[in-house]
1. How charged is the neighbourhood of Phe237? Take every other residue with its Cβ under 14 Å from the Cβ of Phe237, and add Lys/Arg as +1 and Asp/Glu as -1.
2. Which entries in the list Lys174/Lys278; Lys57/Lys269; Lys49/Lys135; Lys66/Lys174 go over 22 Å, if you measure between the two C-alpha atoms of each?
3. What is the spin-label model distance, in nm, from Gln75 to Gln250 if the labels are put 7 Å beyond Cα along the C-beta direction?
4. Lys and Arg at +1, Asp and Glu at -1: add these up for the other residues within a Cβ distance under 10 Å of Gly44 and post the number.
5. Mind giving me the nanometre distance, one decimal, between the label points for Val128 and Asn103, set 7 Å out from Cα along Cα→Cβ?
6. With unit charges on the beta carbons (Lys and Arg positive, Asp and Glu negative) and the dipole taken about the Cα centre of the stretch 159-301, which residue among Ile297, Val251, Leu232 sits farthest to the positive side?
7. To the nearest 20 debye, what charge dipole does the stretch 30-171 have about its Cα centre, counting +1 at the Cβ of each Lys and Arg and -1 at the Cβ of each Asp and Glu?
8. Using a 10 Å cut-off on Cβ atoms, rank the peptides 108-121, 209-222 from the highest mean neighbour count down.
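Read-outs throughout are calculated quantities, based only on the coordinates presented, and are distinct from any laboratory measurement. Only a predicted model underlies this, so the values are computations on that prediction, with no experimental measurement involved. Reconstructed Cβ throughout: ideal geometry from the backbone, glycine too, with neighbour counts over all protein chains shown.
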Amino acid sequence: MNKQTYWLIGILALVVIIFIIIQSSQPKLEETASSTFAEFDTLGITKIKLDAPGNEKDITLERTGKNWQLTAPIQFSAADRSIEFTFKSLAEIPKNPDVISENPEKQHKFEVDSLGTNVKIYKGDELVADFIAGKTDQMRAHTYLRERNSNKVVSVPGNLSYIINQPLDQWRDKSIVNIPGEELDAIEIVKGDTYISLARQDTLWQVLKNGEAITPPEQNKIDRIVQSFSPLRARGFAKDTEYLDWQNPQVTIKLLPSGTETKIINFIKENDNSYYTKVSDKEATYKTPSSLLDRFIEDIK
């Protein structure tokens, strides 16, 4: 055999090995009837309740108009991406998923017992789905589910447990403000004894530093500052911040949009890498990277 033939045999052997690995990772089916997810769909869902063993309290998400809100254990806007991923995963549940087992003794193996996350889904007041999301298979390509009043353990595509079994803060919207750049008329920044203001004049921006006009920075830097607030995202949330003196912040940014109320964002330094952050119309205390503020000041110099 020539060298090319050896290469072809080697490639074929590799394909066979990969196929065997993938097949061995798939759950082995028992001879039993299919599950009862046939009637489930995501249209019209208004509430999702999650009882995960890793969370201190149940998490409840409810739709209000077009938006989703956390309603328990706290009231807060829900993170759009988390909601989007959840709905995408729920929509991928087949009408008749493969049934893996009906043996109650095997529920612990698939973590569809007390180790799993209880998911309750409502359309209005009607409970339309109530199941336990357990572990995934070895390839993380399938998730094991069990309906609450059934012994059937089914396998569905995707990693649903990873999507829904998140800490509370991951369900919270991290947008501090969300103002499109074209709606901003002015931005004021106060840091120590430095006061900088940017005011829109038609398509141009006038920049003042401590009350005196300065040459505006390049347009791309102005655009970068203006677009930073659509949205301005935190990297997380702070707790136990009652001791912070918000009457004396180290940095204040005032945003003056056209047609809506002024937003005031205050910053107090946590450490060299982070600032505690609070906006005028929200109770939450956020955490933002110090590099964000440094960039604002640097772009205007």
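1. Net of charged neighbours comes to +3.
2. Result: Lys57/Lys269 exceed 22 Å.
3. Reported label-point gap for Gln75 and Gln250 is 3.3 nm.
4. Overall, the nearby charge balance is 0.
5. 3.5 nm
6. About the Cα centre, the residue reaching furthest to the positive side is Leu232.
7. Value, rounded to 20: 320 debye.
8. With the highest mean Cβ count within 10 Å placed first, the list reads 108-121, 209-222.
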